[in-house]
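Enquirer: Have a look at this one before I ask anything.
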Amino acid sequence: MRQAYPDPDAMLPLTPAVFNILLTLVDGERHGYSIMQEIAAQTKGKLRIGPTTLYRSIKHMLEDGLIVEADERPDPVLDDERRRYYRLTDLGQRVAVAEAQRLEQTLAVARSKSLLRNFTPEKGA
Amino acid sequence: MSSTSPARPKIISVSVLLYRWLLALGPGVFRRDYSIPALQDFRQCLIDAHRKRGFFGVIALWPLLFGEALSGLLAEYSSEFFGRKQSMLPTIRRSMIAAFWAFVLFSIAIIALGRITDPAAPFDAVGRVHPEVGVAYSIVVYSWEIALLAIMLGGLPILFVALKRAIPGGLLKALQLFAIKRRHALVLLGAALLITICFLVFLLATEYIFGPSSCTASNGCIVGQPLLVIVGSFAAIVGGITLFVFVILAITASLSGAVLRSEFSTEMLRFALVPIAMLALVMSAATFAATFWLIRLWIVAPQFAASGSGLGNGQAAEVVAIIGAMALSSLVMAGALGSGLKASHHPTARQN
């Protein structure tokens, strides 16, 4: 991974919606509705974003170069041709990593202050 | 999958209609670019909810979907009017581009001033008798040379980094970095034509107001020349100047586009603030020096200033316009420096 260009830290902190959208796209290209469903699934329903929030976030993420609209859809035969697919850019990937590291640091502080007494991190996580 | 079922429950149709109306109240850009996919996904949410829990499943989604739509559209309006909370990178990038455009305007002003003071011998003579006039003019000239050095100091490393980043992707990618879209080229051509027309109107107006009153075919005026010659000459002048201005605008826009499309490290962007600060300083100094030079010239050598070899025949008005352009470019440069510095002191920028 290239280190010098640009500094992902300058874009932090991310909003929960933006971070979760980035996370859903780590596995590959997705369209809007699929992103919404995946966010609900990966947060166990704790974060539900509607279409307006989703497309506002997508608009800003496109402007910032975190994601791009994919030219080819994964399965043009099965899918609705009007759907737009999005994928992570190199910058988006690095920003997602930087945000995850930032949250990890925050979590470490919370742990060090015995805030999460009953919290037992999973092995190998 | 999208639903193409013709028998859609009424509650879904009503909800979609309400959502469509709500989206219609949103900002134009968002509405244009995202209302169709948002509506499509909204409908899909309702279809899924109806499949699982029927009518009440759809109603249960209303507070979430309509609530977030309303707050989201208000937030979008807010970001359109007041701007998004920008991170450091885009802000400094914009400062760099604004600084470059300001430098181009400043350079054009200095070149125009040089044209007016050519031949320089009579102005030099006044400068020798009244050293403050000569010193003020020298400050203007040296300021431009320092500004040129500063733009090279900041611009060349940035250009080098942009090219270094683009070249591994092939020559085409490197060229694409500087490409201007056809639509943007047309806008630039329109702007060049407008600038040319404004420039010619200004020249003709000053010539008409301040020029010699007796105008004949023999003293260089166009009166009395054949119509075809007048039209042909005018078209050639407009075409030539438009082309010249267009080339300047296109080069500036192309380099600005390259800065926008390239990725730079935070350090590189911070470094760009140093030449921008130098530019703001020397351009402001040049503007003050040019203003002093003009005023002092009229005070200490009024006869020379009013003569044709000085600033007569409307050339004083041109110098005032030039100083106006210099002041504008200095203000833009100072603004670029201010916003760049502010962005670089943003808490999110101080990570290292």
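The values are calculated or read from the model by the stated rules, or taken from the named source; none is laboratory data. Because the structure is a prediction, the values reported are computed rather than measured. Quick reminder, even Gly has a Cβ in these numbers, built from the backbone with ideal geometry, and neighbours come from all protein chains shown.
Enquirer: Right, B:ALA120: assigned by TED's automatic domain parsing to the domain that holds B:LEU273, in contact with a helix residue (DSSP H, G or I) (Cβ under 9 Å, 6 or more places away or on another chain) and more than 22 Å from B:THR206 (Cβ to Cβ) or not?
Expert: Here the answer is no, as B:ALA120 does not meet what is asked.
Enquirer: Looking at segment B:248-256, can you tell me whether even one residue there is over 29 Å from B:LYS342 (Cα atoms) and in contact (Cβ under 8 Å) with a residue 40 or more places away in the chain?
Expert: yes
Enquirer: Failed condition for B:GLU76, given (1) over 30 Å from B:PHE264 (Cβ atoms); (2) facing another protein chain (nearest Cβ under 8 Å); (3) at pLDDT below 85, with all others met?
Expert: (1)
Enquirer: Which of the residues that make up segment B:169-186 are surrounded by 14 or more Cβ atoms within 10 Å (Cβ to Cβ) and part of a helix (DSSP H, G or I)?
Expert: B:ALA174, B:GLN176, B:HIS184, B:ALA185
Enquirer: Let me ask something additional. Please list, ordered by first then second residue, the pairs with beta carbon atoms under 6 Å, 6 or more apart or interchain, first in segment B:148-170 and more than 15 Å from B:LEU260 (Cα to Cα), second of a type outside the set (A, V, I, L, M).
Expert: Matching pairs, first to second residue: B:ALA150/B:PRO275; B:ILE151/B:PHE103; B:LEU153/B:PRO275; B:GLY154/B:PRO275.
Enquirer: Something else: Considering (1) of a type in the set (A, V, I, L, M, F, W, C); (2) closer than 18 Å to B:THR252 by Cα; (3) buried (at least 17 other Cβ atoms within 10 Å of the Cβ), say which one B:MET152 fails and leave the rest.
Expert: Condition (3) is where B:MET152 drops out.
Enquirer: Something else about it: Would you say B:LEU269 is crowded, with 21+ Cβ neighbours inside 10 Å, of a type outside the set (Ser, Thr, Tyr) and outside any helix (DSSP H, G or I)?
Expert: No.
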